[in-house]
Amino acid sequence: MLVRRNMHPDWLSNAYVLADAEGGTAVFVDAGADPAPLLAALEGWRAAPAAILRTHAHHDHVAWEDELRERYGLPVVAEPGEWVLGGLRVRGIATPGHSDDMVAFVVGDEVVFTGDTLFRDAVGGGDPARVRASVMEVFMALPDAMRVLPGHTDETTIGRERAHNPFVRVWSGAEPEGSERVQVGGRDATLLVWSPDYDGKGKAWVRFEDGSDAIVGGSRVTR
C-alpha cells in the first residue's frame, strides 16, 4: 500500500492519498491541506483515484474537497459501510464524539484513518462519553500493529497508543484518574487526565463540581 500525506502549516490538518499499488486504484482521505503534493504522488504512482473518504465535515478537513471532487468527478464517502475499490478494502466505522458525523476508515489490515478522534498521545475534544466509547470500543479493538493516520500531525500505531496514550491508559484502568484541582474557564474542576496534544498546548479530561465531564484544550485549563 502506498501512502502520501500533506499537512496544513497553520491548522496542522492532514490530507492523504493512498493507492493499492503503482498503476492501481487510489483514494483521497480528507482534504484539509494543499493537495498538490498528493496529486504529484498520484501521478508518480500512475494510479486512478476512485473516491474521497471524509472523516468529518469540519472546515479544516474539507477545504479542498470540492477541488478534488470536481477535478476527478469523485464520489465523497462520509458514512459507515464497506467498499472494495480496486485492491483497497475499505471499512467505514462511526466514531462520534468530536462530531456527530465522525467516521473512521480502516483500509485492509494495515491502516486506520482516525480523523479527530484519536491522535498520538491524545484524543479529540467533544462529548467525553462518546469519545471514550469510540476510542476504547472501536480503535482499541484493532490490532496493535495497525498504523494510525490521524486528522492532525503525526502517525502512530494502535499498540503505541494502547501503551502510552494518557487517556487510553486511564480509561483502560492501567492508571488511576488524576485528582489535581484546576480551573477551566473560571469553573473549579478536577483534572482527571492531562496529555500532550498535536498543537503543543495539551489536552485535558476534567470533571466539574456538578459532576459533568469535559475534554478540553489545555489552554483553557489553569493549573
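Only the coordinates and a few stated rules stand behind these numbers; no lab work does. Note that the structure is predicted; figures quoted are calculated from it, not measured.
Data overview
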{"item": "³J(HN,Hα) computed for each position of the stretch 121-135 - Karplus, 6.51 cos²θ - 1.76 cosθ + 1.60, integer Hz, glycine/proline x", "result": "6, 8, 10, x, x, x, 5, x, 5, 6, 4, 4, 4, 5, 5"}
{"item": "Amide H within-cut-off set for GLY115, under 5 Å, with H built and near neighbours excluded", "result": "GLY151"}
{"item": "Cα gyration tensor category, rounded, prolate or oblate, for the stretch 180-222 with a/c compared to 1.5", "result": "prolate"}
{"item": "Theoretical gain in end-to-end length, THR222 to ASP10 [0.36 nm per residue, Cα-Cα removed]", "result": "73.8 nm"}
{"item": "Long-range HN-HN contacts of GLY202 with modeled amide H, under 5 Å", "result": "ASP197, GLY218"}
{"item": "Quotient of Cα Rg and 2.2 N^0.38 Å for the stretch 39-81, N being how many residues it contains", "result": "1.23"}
{"item": "Kirkwood-based Rg to Rh ratio, the stretch 1-157, C-alpha trace", "result": "0.94"}
{"item": "Choice from TYR72, TYR16, TYR198 showing the highest fluctuation, given a GNM over the chain with Cα pairs closer than 10 Å", "result": "TYR72"}
{"item": "For the stretch 163-173, Karplus couplings with θ = phi - 60° (6.51, -1.76, 1.60), whole Hz, Gly/Pro x", "result": "8, 10, 5, x, 5, 5, 5, 6, 5, 7, x"}
{"item": "Integer Hz, Karplus 6.51/-1.76/1.60 couplings in order for the stretch 207-215, x for Gly and Pro", "result": "10, 7, 4, 7, x, 7, 10, 8, 10"}
